[in-house]
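**Student:** Supplied in structure tokens, the structure appears directly below.
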Amino acid sequence: MHPREDQFWLLVSLRLSGEATAEEAATLDRLLHERPEMAARLEATSDWWTHAAPRNPGLKKGALQRHLQRLNERENLPPRRRGGRRLFLFVVGIAASLAGFAFFFYHWTPKLSAPAVAHNSISTKCGSKSKIQLPDGSQVWLNSDSRLIYSETFTGNAREVQLCGEAYFDVAKDPVHPFVIHTNTIDVRVLGTTLNVRSYSNEKNTEAVLIHGSVEVTLHSDPEKKIILKPNDKLVVPNANLAGAKTAKPDADSGRTLNLGKAHFMSRDSSAVEVLWVKNKLAFDQETLETVALKMGRWFDVQVVITDDSLKHMEFSGVFEEEALPQVMEALRLTGNFHYSIHRRVVTIRP
Amino acid sequence: MRIALYEDMKAYKQLYELLANGLYRFSYSMVRSAEVAEEIVSDVFIKLWQMRARLSEVDNLKVYLYTIARNCSLNYLERNADSRVIGLENLDNAAFVEGANPADLCISADLANQMRRIVQQLPPQCRLIFQLVREEGLRYKEVAAILDVSPFTVRNQLAIAMQKIGEAPLLKDVLLKDARQKLAEK
């Protein structure tokens with residue numbers, strides 16, 4: 001290798017990037033004059049420098065729209081908690097939802113209007129939450145791993161949404177157009193009110209907690225029966241489809257009780273335990289470890305495995321605000337007297 | 001560059017159009033995932049929007065945004081340190097669709113590809129420096145500020161990158177052939 005090789009390439013790089021001083025430019029010219037065979041190299045590299053396309057073309061189409069939607073949602077969110085938890089919002093736009101969601105929609109909710117109508121769908125992944133404003137002004141906080149679907153004609157006669165997962169609704173008052181929340185187990189009909197609905201398909205029960213106003217709940221298993229909730233009422237309905245789904249006879253189902261109770265308050269907070277998640281607090285209220293595991297899985301975006309069935313029925317209560325996963329696990333371990341390990345995104349709990 | 005962003009959505013969108021692709025390419029070459037890189041760019045612009053009242057304090061907006069993108073990318077890599085390693089190679093080849101325009105190039109497509117591969121195989125810092133200077137047209141001192149290194153490092157690393165690219169085997173072949181031809185003519 002020629003001793004001046006390094007210097008040559010330094011000068012070339014300075015020239016190509018436009019950083020060469022007059023003196024450096026002169027040195028390069030002199031070098032090229034002395035060694036004309038270098039000129040061909042400069043020519044080839046400089047040709048490539050100026051004309052080769054970027055290795056990576058850039059953002060995919062629609063990125064600006066997706067960004068503006070995220071910006072819009074983020075602006076309405078409560079301050080993000082510290083600790084570097086990812087807050088990924090995956091929002092499916094109107095256009096994209098047309099064909100795909102017509103199918104999903106039909107599949108999940110034969111009760112709701114014709115499947116040909118376009119739907120908006122908003123979903124959250126594990127470890128993230130989102131706040132949405134519906135076209136009628138109603139506000140919806142969507143908890144982790146949840147999906148809210150509403151039709152494009154939402155502002156029409158009935159305001160109807162389909163919920164899978166958990167959401168807190170602050171429904172805009174409109175006595176003429178009732179707001180209906182459909183879940184797999186119950187339908188909740190409201191006029192203008194605040195309530196929390198929790199209906200995860202992998203949990204045993206669907207719950208509705210009313211904060212203000214009044215709502216009317218219809219059970220899918222018994223459509224004739226209407227239940228009126230008053231503020232702080234909490235309705236718990238077993239999810240029919242968890243165990244054997246369609247094969248279970250209605251008679252067998254009626255044996256399972258639905259439970260009308262009260263929302264729980266803990267001394268520290270003015271809000272009911274059921275809606276603390278809206279304030280970014282992870283709360284357990286005499287919940288079994290099995291439910292706690294599901295909640296934590298969604299909250300921290302991890303998989304929680306319980307190796308021994310006897311542990312699943314232990315009950316836990318507690319509120320966590322800023323705590324990271326290891327702190328929460330440590331607190332639970334102290335009360336539950338079990339062992340656990342955290343490896344990557346899997347938490348294993350054993351006796 | 002210094003568009004007043006005070007509540008001005010139009011200016012904000014223009015700035016996005018202007019810088020988003022460069023920021024995306026930059027983040028992409030660090031995180032190696034189109035989705036994550038897009039999200040990082042989005043995060044950067046969300047931050048910009050939240051900061052809009054204090055933008056007058058920012059010296060060089062472009063450098064500022066690239067710095068945020070770098071920090072977001074590093075955070076992401078740190079969080080996903082163990083799970084990312086596997087995917088790197090697959091992504092590398094699949095994701096880069098070469099958009100070279102052979103019509104504009106005097107050198108052969110093979111040679112251009114070889115040079116491109118050399119860039120990909122540069123050490124990470126060297127590759128980022130090269131990319132920021134060539135593809136995004138940033139000045140040495142801007143790159144230095146973004147990557148938190150001295151301008152001298154940028155200058156040296158770029159020289160190293162150029163030398164490696166200049167040593168592409170195909171380029172040598174071409175030059176050798178040229179020389180032989182000249183010799184034969186004589």
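The values are calculated or read from the model by the stated rules, or taken from the named source; none is laboratory data. All values reported here derive from a predicted model rather than from experimental measurement. Cβ coordinates were reconstructed from backbone atoms using ideal geometry, including for glycine residues, and neighbour counts include every protein chain displayed. Please note that ligands, DNA and RNA were not included when accessible areas were found on the heavy atoms of the full protein model with its side chains. Shrake-Rupley method; radii C 1.70, N 1.55, O 1.52, S 1.80 Å.
**Student:** Yes or no: B:L175 more than 9 Å from chain A (Cβ to nearest Cβ) and modelled with pLDDT under 90? Please lay out each step first, then the result.
**Tutor:** Numbers: more than 9 Å from chain A (Cβ to nearest Cβ): no; modelled with pLDDT under 90: yes.
So B:L175 fails the test.
**Student:** Take the conditions in a helix (DSSP H, G or I) and facing chain A (nearest Cβ under 8 Å) and apply them to B:L158. Does it pass?
**Tutor:** yes
**Student:** Does at least one position in region A:23-39 carry a residue that is open to solvent by less than 40 Å² (accessible area, probe 1.4 Å), within 7 Å of another protein chain (Cβ to nearest Cβ) and closer than 24 Å to B:N156 by Cα?
**Tutor:** Taking every residue of region A:23-39 in turn, none turns out to be open to solvent by less than 40 Å² (accessible area, probe 1.4 Å), within 7 Å of another protein chain (Cβ to nearest Cβ) and closer than 24 Å to B:N156 by Cα.
**Student:** Where residues in region A:138-167 are of a type in the set (F, W, Y) and crowded, with 22+ Cβ neighbours inside 10 Å, which of them is modelled with the highest pLDDT?
**Tutor:** To start, the set of residues in region A:138-167 that are of a type in the set (F, W, Y) comprises A:141, A:150, A:154.
From the residues that got through so far, the ones that are crowded, with 22+ Cβ neighbours inside 10 Å too are A:141, A:150.
On the way: A:W141: 89, A:Y150: 82.
Only one residue fits best here, namely A:W141.
**Student:** Now a separate question. For region A:8-22, name all the residues that are exposed (fewer than 15 other Cβ atoms within 10 Å of the Cβ) and facing chain B (nearest Cβ under 9 Å). Give the steps one after another, and end with the answer.
**Tutor:** Of all residues in region A:8-22, those exposed (fewer than 15 other Cβ atoms within 10 Å of the Cβ) come to A:18, A:21-22.
Selection gives A:G18 alone.
**Student:** Oh, and also: In region B:32-54, which residues are over 14 Å from B:I68 (Cα atoms), in a helix (DSSP H, G or I) and touching a residue at least 40 places away in the same chain (Cβ under 8 Å)?
**Tutor:** Let us first name the residues in region B:32-54 that are over 14 Å from B:I68 (Cα atoms), namely B:32-36, B:52-54.
Imposing the further condition that a residue be in a helix (DSSP H, G or I) reduces the set to B:34-36, B:52-54.
Residues satisfying the conditions are B:A34, B:V36, B:R52, B:A53.
**Student:** Just to confirm my filter: which strands (runs of 3 or more DSSP E) fall fully inside region A:291-351 and include at least 3 residues that are surrounded by fewer than 19 Cβ atoms within 10 Å (Cβ to Cβ) and in contact (Cβ under 8 Å) with a residue 24 or more places away in the chain? If you could, list the steps in order and put the result at the bottom.
**Tutor:** Working: elements: A:303-306, A:315-320, A:339-343, A:346-350.
Here the list reads A:315-320, A:346-350.
**Student:** Just one of B:A81, B:A37 is modelled with pLDDT of 55 or more and more than 24 Å from B:A20 (Cα to Cα); which is it?
**Tutor:** Values: B:A37 fails: more than 24 Å from B:A20 (Cα to Cα).
It is B:A81.
**Student:** Can you pull out the residues in region A:193-212 that are part of a loop (DSSP other than H, G, I, E, B) and crowded, with 17+ Cβ neighbours inside 10 Å?
**Tutor:** Pass one, region A:193-212, residues part of a loop (DSSP other than H, G, I, E, B): A:193, A:200-204.
Scanning region A:193-212 gives A:T193, A:Y200, A:E203.
**Student:** If you check B:G166 against the conditions, is it under 18 Å from the mean Cα position of the chain (by Cα), modelled with pLDDT of 80 or more and either open to solvent by 60 Å² or more (accessible area, probe 1.4 Å) or more than 12 Å from B:Q125 (Cα to Cα) (or both)? It would help to see each step written out before you state the result.
**Tutor:** Numbers: under 18 Å from the mean Cα position of the chain (by Cα): no; modelled with pLDDT of 80 or more: yes; either open to solvent by 60 Å² or more (accessible area, probe 1.4 Å) or more than 12 Å from B:Q125 (Cα to Cα) (or both): yes.
Against the criterion (under 18 Å from the mean Cα position of the chain (by Cα), modelled with pLDDT of 80 or more and either open to solvent by 60 Å² or more (accessible area, probe 1.4 Å) or more than 12 Å from B:Q125 (Cα to Cα) (or both)), B:G166 does not qualify.
**Student:** Would you mind stating whether A:K234 is open to solvent by 60 Å² or more (accessible area, probe 1.4 Å) and modelled with pLDDT of 75 or more? Show your work before the answer.
**Tutor:** Values: open to solvent by 60 Å² or more (accessible area, probe 1.4 Å): no; modelled with pLDDT of 75 or more: yes.
Judged against the criteria, A:K234 is not a match.
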